[in-house]
1. Restrict the search to region A:205-276; then list the GluC sites (Glu not before Pro) that DSSP places in a loop and that have at most 16 other Cβ atoms within 10 Å of their Cβ.
2. On a 0 to 90° scale, report how tilted helix A:183-192 is relative to the longest principal axis of chain A, with both axes built from alpha carbons and the result rounded to the nearest 10.
3. Antiparallel as a % of all DSSP beta bridges within the protein assembly as shown, to the nearest 5?
4. What are the principal axis extents of the Cα atoms in region A:104-263, in Å, biggest first?
5. May I ask you to sort A:SER218, B:SER178 by Cβ crowding, counting other Cβ atoms within 10 Å and putting the fewest first?
6. Mind ranking A:89-97, B:108-116 by how tightly packed they are, going by the mean number of other C-beta atoms within 10 angstrom, highest first?
7. Sorted by mean Cβ packing within 10 Å, highest first, what order do the peptides A:264-271, A:308-315, A:297-304 take?
8. Once you put a point 7 Å from the Cα of B:ASP20 and another 7 Å from the Cα of B:ALA151, both along the Cβ direction, what distance in nm separates them?
Amino acid sequence: MKKDQWIMGIETSCDETAVAIIKNGREIAANVVASQIESHKRFGGVVPEIASRHHVEQMTIVIEEALKEANLSLPELDAIAVTEGPGLVGALLIGVNAAKALAFAHNIPLVPVHHIAGHIYANRLVKELTFPLLSLVVSGGHTELVYMKEQGHFEVIGETRDDAAGEAYDKVARTLKLPYPGGPHIDRLAQEGSDTLKLPRAWLEEGSYDFSFSGLKSAVINTVHNAEQRGEIIAPEDLAASFQESVIEVLVKKTVIATEEYKVKQVLLAGGVAANKGLRKALEQAFSTKSDIDLVIPPLNLCTDNAAMIAAAGSIMYDKGIRADLSLNANPGLDIELYN
Amino acid sequence: MTILAIDTSNYPLGVALIEDNQVIGEYITNLKKNHSVRIMPAIQTLMKDCERTPAQLTKIVVAKGPGSYTGVRIGVTISKTLAWSLKIPLVGVSSIEIIAAGAGRHFDGYISPLIDARRGQVYTGLYEYQSGELTTVKEDRLVLSADWAAALKEVNKPILFVGNDLPLHQAVIEETLSSQAVFAAITEHNPRPSELALLGKDKQGEDIHSFVPNYIRLAEAEAKWLEANGKILKG
Ligand SMILES: [Zn+2]
């Protein structure tokens, strides 16, 4: 009988201190997340220095809780997987250094993980991956289409040229004076309104899988501004619906075209914005008629930042023989194709 | 008894191992290099050279600041994680006190270590050896070096100023305190990690989970928020 594989994941790239333990790459034994959302709310966004301070306060508590939840001790772990980047450097450093200390103290292999690889691998906690596949990654810092021909191999075929979709959501939320984080509020408002404003769609040049959201963001701000000058009021519901429709239409259409060109068997949704109801619905609709393509959308708690996804990706990287030594550093600009 | 001391709170990076009444290994550099890359390999190398394993450690002592926010967090995170996972006590020591301990042991008077904090400011405190024991005379603080020098005019003892950032503040101190001020030699400026270990040797372990660096300063965003909201409250 094959011995079980236990991987601990550590994630501190932004404002969640998270530790998880995964069995055999797919089963969640523990998944602990200490969120800092409340302490950043009053600043209207994540303040890096405050995030780093919170990570120091939470780190060992969260590690202890995860081990307790999984009913494991450190020497039983096969590896410690940690988010190396991208993210906020000061925040990443806490997870990286805690992971290195654990690896050193207990002689446990250390596996570096790319945060977006983690988001993609959240899907493997739901369903086994079938290749080739395409993943649509949408989060606060990222909007990209990633092609995978096999486990642990990533090829970015399209990415945003300016703002990430999540950033555009935050800025539009601010224009609408919605509280931080604004994404869920826009999603909620959009369900109540309709796409009346016909905002622009950034298709870019023919055949490109890249995205651009800065034009759309400006269009929203101008629309609101012009309406104000004319003394008109645009229903926030309609503005949210129009904005969201413009984002989603581009995301979904480019994903569909890419699945055709790359002849993929599976489409994975990944990243924090994957929690967006409008996006989920539109993808489900688009792929409902394509019976040869399997669409996987993780549950909400696996879409936002967590460490289960880091351990899931770490499990594959561990099998591939990827290791870090004790000089591992935080790398805020880490390239996902580095460990291919 | 095997104590591991870790200091990454400012440019000097330090690791020491002390055992019973001996310093068995010590490593210091004073470079503008990345602590995150170098500290764990330094610990690993020192312990390997000294033929000690993590399981043999009985206590971790860490420099808890003030200093570089990122630097002090690296040392504190590693120390908390090591102490918690090895189930051994953790002790934090002021980064300023470590410098005083090394430089001032045989100095008859007060010791004021200086760590530059930009815009004419320093992190400093006032210490004194009393019958072989280092004691705090004035708590660690963030202060303009000019103001600090002026305040020290009142104390009637010679003061030893020490620290790698001394050249940035020496002129203003000399001007105010003239012969009352004594300046340490360059070999005394680096905080010695073995002094850190010694300072923590007999101290009781602290609660590991809630242990945090001593930043002295609030995060800038926090300070601004308090100021802005204070103003609103005052109307
Ligand atoms: Zn993320």
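FYI, it's all coordinate maths here, none of it is from the lab. A quick note: this is a predicted structure, and the numbers were derived from the prediction, not measured. Every residue, glycine as well, gets a Cβ built from its backbone with ideal geometry; the counts of neighbours run over all protein chains shown.
1. Details: sites: A:GLU205, A:GLU206, A:GLU228, A:GLU232, A:GLU237, A:GLU245, A:GLU249, A:GLU260, A:GLU261; in loops: A:GLU205, A:GLU206, A:GLU232.
For GluC sites (Glu not before Pro) across region A:205-276 that sit outside H, G, I, E and B with at most 16 neighbouring Cβ atoms in 10 Å, the list reads A:GLU205, A:GLU206, A:GLU232.
2. Value to nearest ten degrees: 40.
3. Numbers: 52 of 85 bridges.
Of all bridge pairs located within the protein assembly as shown, approximately 60 percent are antiparallel.
4. Ordered largest first, region A:104-263 gives principal extents of 66, 44, 26 Å.
5. Placing the least packed residue first, the sequence is B:SER178, A:SER218.
6. Working: A:89-97: 27.0, B:108-116: 22.8.
Packing order, densest peptide first, comes out as A:89-97, B:108-116.
7. Working: A:264-271: 24.0, A:308-315: 32.8, A:297-304: 19.1.
Ranked by mean Cβ neighbours within 10 Å, highest first: A:308-315, A:264-271, A:297-304.
8. 4.4
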